[in-house]
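The next block holds one structure in the form of structure tokens; read it before the comments.
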2 protein chains.
Amino acid sequence: MISLPAALDARMQRESQMTFFEYMVLSVLSEEPDRTMQMSALAARASASLSRLSHVVGRLEKRGLLARSRIPGAGRRTNTTLTEAGYDVVVAAAPGHVAAVREYLIDELEPRDLKALQRIGTAVETAINRGPAPSAAATPASQRRP
Amino acid sequence: MISLPAALDARMQRESQMTFFEYMVLSVLSEEPDRTMQMSALAARASASLSRLSHVVGRLEKRGLLARSRIPGAGRRTNTTLTEAGYDVVVAAAPGHVAAVREYLIDELEPRDLKALQRIGTAVETAINRGPAPSAAATPASQRRP
DNA sequence: GTGTAGAACTTGATGCGTCAAGTTGATGTT
DNA sequence: AACATCAACTTGACGCATCAAGTTCTACAC
């Protein structure tokens, strides 16, 4: 669990000149129908803090891969939208990433272990997010019940 | 796999004022009979680059948790040894860490999934380390066959 | 209609990780 | 004996993450 994320990140940077986390952000956006998402929602989907996301989005915006726009009439909400250039970048990076995941993980496992891994993943995520103080990144206020 | 290391690291810093990686270093040393290890070997066991380890060991030395000493008559090799204070720190931090691992992972899994996880771990490690250029951290020159 | 609380970010300082380049010993090579 | 090479680190610069503090809206209270 220590080595895999590191390995995927290293490969991402070598092959596509971006962080694994940057890829996640772009990738999540690319899967939305309008390639747009509110910052908080994006942070939740990328399991990052709003602060981290803000920094990263700032950089990606400078690179022209996405754009920010205030949502009018609704608090201080901000939308981020993938640009064409940004979409092209994700599309170019995706196959390499998928190949890496296969190579390091999926192709190495028997079907039963793959299923086990899925169970483990959800179990761990649940366990972490039911701690004494569920993190803001995991369950942002806008999705929290009153 | 993204969330678990992050969660364990966060807890380590909250409860024991050190990085998860710092804990690993101290912990590995504490398991040696003489609480001593050569830098390269330590790097391999902690799956880190020599550079990273050097920085971290520098900090831990400043905190008085370990000490460095040149190995005489053998290249430029350096030993790091856990101090008493360092040992006490590991001993104090260990129970909390074990509890965290149980809470987030082990206690959540059925026995068969735990066994699967073990298989997955070794499979992934192998897959990563047989890449085109096996990393120096994983197989340091001193352990590499000619 | 002022005041307070809170949500949704943004910003700046600090610290750790990484990469490239430098040191320092030992081991051959000619 | 001089030189090149290599292994085992160390160091410095730079980038990214985190934390605490600030900003900017809305909404509700009185």
From the list A:R68, A:R59, pick out the single residue that is among the basic types (K, R), within 15 Å of DNA strand C (Cβ to nearest atom), modelled with pLDDT of 95 or more and not in a helix (DSSP H, G or I).
A:R68
From (1) more than 12 Å from DNA strand D (Cβ to nearest atom); (2) within 14 Å of another protein chain (Cβ to nearest Cβ); (3) surrounded by fewer than 16 Cβ atoms within 10 Å (Cβ to Cβ); (4) modelled with pLDDT of 95 or more, pick out the condition that doesn't hold for B:E15.
(4)
Let me confirm something: among A:A99, A:A92, which residue is within 13 Å of another protein chain (Cβ to nearest Cβ), more than 16 Å from DNA strand D (Cβ to nearest atom) and exposed (fewer than 15 other Cβ atoms within 10 Å of the Cβ)?
A:A99
Can you find a residue in segment A:73-85 that is part of a helix (DSSP H, G or I) and under 20 Å from A:F20 (Cβ atoms)?
yes
Scanning segment A:64-77 for residues that are near DNA strand D (Cβ under 10 Å from one of its atoms) and without any contact (Cβ under 8 Å) to a residue 24 or more places away in the chain, the one surrounded by the most Cβ atoms within 10 Å (Cβ to Cβ) turns out to be A:R70
Tell me which of these B:S47 doesn't satisfy, since it passes every other one: (1) within 26 Å of B:E125 (Cβ to Cβ); (2) within 15 Å of the chain's Cα centre (by Cα); (3) at pLDDT 95 or above.
(3)
Looking only at segment A:22-37, how many residues end up being more than 13 Å from DNA strand C (Cβ to nearest atom) and of a type in the set (A, V, I, L, M, F, W, C)?
4
Looking only at segment B:1-12, how many residues end up being touching a residue at least 40 places away in the same chain (Cβ under 8 Å) and either of a type in the set (V, I, T) or within 13 Å of chain A (Cβ to nearest Cβ) (or both)?
4
Would you tally the residues in segment A:38-52 being near DNA strand C (Cβ under 9 Å from one of its atoms), in a helix (DSSP H, G or I) and within 14 Å of chain B (Cβ to nearest Cβ)?
2
Would you point out the residue of segment A:21-37, among those that are within 14 Å of DNA strand D (Cβ to nearest atom) and touching a residue at least 60 places away in the same chain (Cβ under 8 Å), that is surrounded by the most Cβ atoms within 10 Å (Cβ to Cβ)?
A:L26
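The values are calculated or read from the model by the stated rules, or taken from the named source; none is laboratory data. Note that the coordinates shown come from a computational prediction; the quantities given were computed from them, not determined experimentally. Reconstructed Cβ throughout: ideal geometry from the backbone, glycine too, with neighbour counts over all protein chains shown.
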